[in-house]
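Only one structure is covered here, and it is reproduced in the block below.
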Amino acid sequence: MYNEVVSKIKEFDTIVIARHIGVDPDALCSQLALRDAIKLTYPDKKVLAIGTGSSKFLHIGKLDRLEKLENALLIITDTPDLKRVDSMDFSWGAYSIKIDHHPFIEKFCDLEIIDDEKSSACEMILDMILTTELKWDSNIAELLYMGIVSDSNRFLFGCSSNTFLAVSRLLNMYPMDLGKTYEKLYLRPLNEVRLEGYISLNMTVTPNKLGYIVIRDDVINQFGVDSASAGNMINDFNHIKEVVVWATITEDIKNDQYRVSVRSRGPEINKVCEAHHGGGHKYACGVKAKSLDDALAVMKDLDALLEEYNS
């Protein structure tokens, strides 16, 4: 299936790689790794990785500025539905390809490669490189490793034996200092650690073992972080004995919304998020709510799901 993608890449002189809004390491690393692999394999092609960046991930790599284009190939990674694509005006795209590991929501590209058994979009890009003529180097290998590690929460979620086989091949071909690589992903400023403490102290835990917290804009400003940083702390609370499903509700003043991130160690939660116009994986998903009441409605449904799960 990946040979179809490479065949299309060969047809176009200009390729643009996009991903979902609210950038995370897997989305960013998948598009940067694919961009750099195409450039390395076909040096004469123009390849751009586009989207809104985040200061939190500047050390991972730089995105490109979208230019006025014609007859370009568009590749979208790590995004299951059109409304979540960052930079949605792609009227210049002559052909589009989706490469995604989320459960299917809708078809919006000409060619769609979907594998929801994969841990991450980066695992899919790694598979494509390993099974086609695309070239790679140590920098691309590190990007792919970071994306896989991040989206699987250090191999805790969504991994299969194939994940470990692919990562083993990666590390055999391109050994890396894993300590330094993990620093790029997990080294954090003190103010973020203090916000984590605030979340621990103020999290609401229901009798059904739902844990959640509302992080308002004044708290974000108090700790000197941005809304994306606050929401990305969701994976830090997966070892609480009294909590089976946990969520952060983060106020995003800039975009006039509340970002809901949800994780689970038990029941499948993606259907609840989909019912509130969100989505994601079975055990890791989210919603962009228009109001706090809408976000709390998600919590109510998650609590009801847990009540049924616990009975």
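The values are calculated or read from the model by the stated rules, or taken from the named source; none is laboratory data. All of these numbers come straight from a predicted model, not from anything done at the bench. Cβ placement follows ideal geometry from the backbone for every residue including glycine, while neighbour counts extend to all protein chains displayed.
What the table shows:
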read-out: Qualifying residues in the range 72-117 (those that are of a type in the set (D, E) and under 23 Å from I269 (Cβ atoms)) - the one surrounded by the most Cβ atoms within 10 Å (Cβ to Cβ); value: D78
read-out: Long-range neighbours under 6 Å by Cβ, at least six apart or interchain, first residue touching a residue at least 12 places away in the same chain (Cβ under 8 Å) and assigned by TED's automatic domain parsing to the domain that holds I125 within the range 103-115, second basic (K, R) and crowded, with 18+ Cβ neighbours inside 10 Å; value: C109/K98; E112/K98
read-out: Search result, residues across the range 179-205 that are closer than 22 Å to V262 by Cβ, surrounded by fewer than 16 Cβ atoms within 10 Å (Cβ to Cβ) and among the β-branched types (V, I, T); value: T204, V205
read-out: Residue check, M124 under 25 Å from F237 (Cα atoms), in the same structural domain as A27 (by TED's automatic domain parsing) and touching a residue at least 12 places away in the same chain (Cβ under 8 Å); value: no
read-out: Test: residue in the range 152-174 that is closer than 25 Å to K288 by Cβ, in a loop (DSSP other than H, G, I, E, B) and polar (S, T, N, Q); value: yes
read-out: Matching residues, the range 207-233, being closer than 17 Å to L306 by Cβ and at pLDDT below 95; value: none
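Conditions (1) touching a residue at least 60 places away in the same chain (Cβ under 8 Å); (2) among the aromatic types (F, W, Y); (3) surrounded by 13 or more Cβ atoms within 10 Å (Cβ to Cβ); (4) not assigned by TED's automatic domain parsing to the domain that holds A37, marked per residue:
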{"residue": "I148", "(1), (2), (3), (4)": "yes, no, yes, no"}
{"residue": "D151", "(1), (2), (3), (4)": "yes, no, yes, no"}
{"residue": "F157", "(1), (2), (3), (4)": "yes, yes, yes, no"}
{"residue": "S160", "(1), (2), (3), (4)": "no, no, no, no"}
